[in-house]
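The values are calculated or read from the model by the stated rules, or taken from the named source; none is laboratory data. Because the structure is predicted, anything quoted here is derived from the model rather than measured. A quick note on method: Cβ atoms are made from the backbone with ideal geometry, for glycine too, and the neighbour counts reach across all protein chains shown. Side chains included, ligands, DNA and RNA excluded: accessible areas come from the protein's heavy atoms. Shrake-Rupley method; radii C 1.70, N 1.55, O 1.52, S 1.80 Å.
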Amino acid sequence: MNYHIKLVGLIAIALSTSIAKSQEKIIVSTGNPIITDKYTADPAAYVYKDSVYLYTGHDVPKAPKNSYEMHEWLVYSSADMVTWKEHKSPLDTKAFAWAKDDAWASQVIERDGKFYWYVAITHGTIHGKSIGIAVSDSPTGPFKDALGKALITNDMTTDVKISWDDIDPSVIIDDDGQAYLFWGNQKCRYVKLKKNMIEMDGPIVTLDLKEFTEAPWIHKRKDWYYLSYASQFPEKIVYAMSKKVTGPWEYKGILNEIAGNSNTNHQAIINFKGKDYFVYHNGAINNDGGSYRRSVCIDYLYYNKDGTMKRVLMTTEGIKKAK
Ligand code: FUB
């Protein structure tokens, strides 16, 4: 890319970043990555009524070459998964008075008309990453701290010695109404949540998953539970299946190969208007996209008759309008 084009691209990114703070906008995606004016990462998608809500982290354009710089989360909504409305960022790290910074991976789920946003964030006084919860009456916010403190802190999981093992929350409400929070790096854990969605309702359980790195995503289809996660490094997405949300989990192999030039590979899996989708990130926009300047992509996901998932085909063209 010549210098002039690169400069224009960087100016556009810088401008759109500042403009987006103050206004909503419509994005018509022309393929993957679906958003090209901002670096978006760690997608979590949620189907509510007739729309998909896409929650992402935001890699800043000037992120250092070998570390994350993320201060806010973003939200987009769509009725067809091609035309997206970018909403004003409804949540940043300052919403959590007890936290320091780092808007890492997150997931939103609705219960009884309230939307709970579970986020990974660096704790202000307890060394390491932690999991906090924000709540809102609307999927697009405004969100506020639901608990006034972290739900999970690094000192609750001392068998893993790194400071970033309490990250990447994923939540499910089982058919009997019991909610579970999954999370982890190096070791995957889960804990039952009370009906209020902001308190633990039992002990933290550690799972034994083959080559687990991070990014668990829990979902259910028909009578199977699926636990997909990032494995090894650079990361591939692999998955396990079970007849119960608590396991035992049977390893089923690779779901998505290394996502191009991003060493992380963080997924969300949804069904919308009759089709299944795999939402992930790579580093494919601009000359400087990569592991710390990532971009969300969406491709189709297909299940086999026996419930196993076919390996995802990552494409440039992406998906067509959902009808
Ligand atoms: O975005 C920061 C971290 O990178 C996430 O928490 C991980 O899943 C990886 O994508």
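Filtered by the rule that a residue be buried (at least 16 other Cβ atoms within 10 Å of the Cβ) and away from the ligand (no atom under 16 Å from the Cβ), segment 165-184 gives I172, I173, Q178, A179, Y180. Here A215 fulfils each of the conditions (1) closer than 17 Å to K243 by Cα; (2) within 16 Å of the ligand (Cβ to nearest atom) apart from (1). Entry remark, segment 85-136: residues being touching a residue at least 60 places away in the same chain (Cβ under 8 Å) and closer than 18 Å to R294 by Cβ number 7 in total.
Whether a residue is assigned to a loop (DSSP other than H, G, I, E, B), out of contact with any strand residue (DSSP E or B) (no Cβ under 7 Å at 6 or more places or on another chain) and within 12 Å of the ligand (Cβ to nearest atom) was assessed, and N286 does not pass this test. Put simply, of V108, V119, V82 the only residue that is within 15 Å of the ligand (Cβ to nearest atom), under 26 Å from S29 (Cβ atoms) and either open to solvent by less than 20 Å² (accessible area, probe 1.4 Å) or of a type in the set (G, A, S) (or both) is V119. The criterion of at least 2 residues that are over 14 Å from A120 (Cα atoms) and of a type in the set (A, V, I, L, M, F, W, C) is met, among strands (runs of 3 or more DSSP E) falling completely within segment 136-204, by 170-173, 187-193.
Looking at segment 218-242, which of the residues that are under 27 Å from F272 (Cβ atoms) and open to solvent by 30 Å² or more (accessible area, probe 1.4 Å) is nearest to the ligand (Cβ to nearest atom)?
By that ranking, first place goes to K236.
Would you be able to say whether some residue in segment 93-102 is on the phi < 0 side of the Ramachandran plot, among the hydroxyl-bearing types (S, T, Y) and in contact with a strand residue (DSSP E or B) (Cβ under 7 Å, 6 or more places away or on another chain)? Taking every residue of segment 93-102 in turn, at least one turns out to be on the phi < 0 side of the Ramachandran plot, among the hydroxyl-bearing types (S, T, Y) and in contact with a strand residue (DSSP E or B) (Cβ under 7 Å, 6 or more places away or on another chain).
Restricting K149, K187, K210, K195 to residues that are open to solvent by 70 Å² or more (accessible area, probe 1.4 Å) and closer than 30 Å to K305 by Cα narrows the list to K210. Taking the criterion of being among the charged types (D, E, K, R) and at pLDDT 65 or above, the residues of segment 16-31 that qualify are E24, K25.
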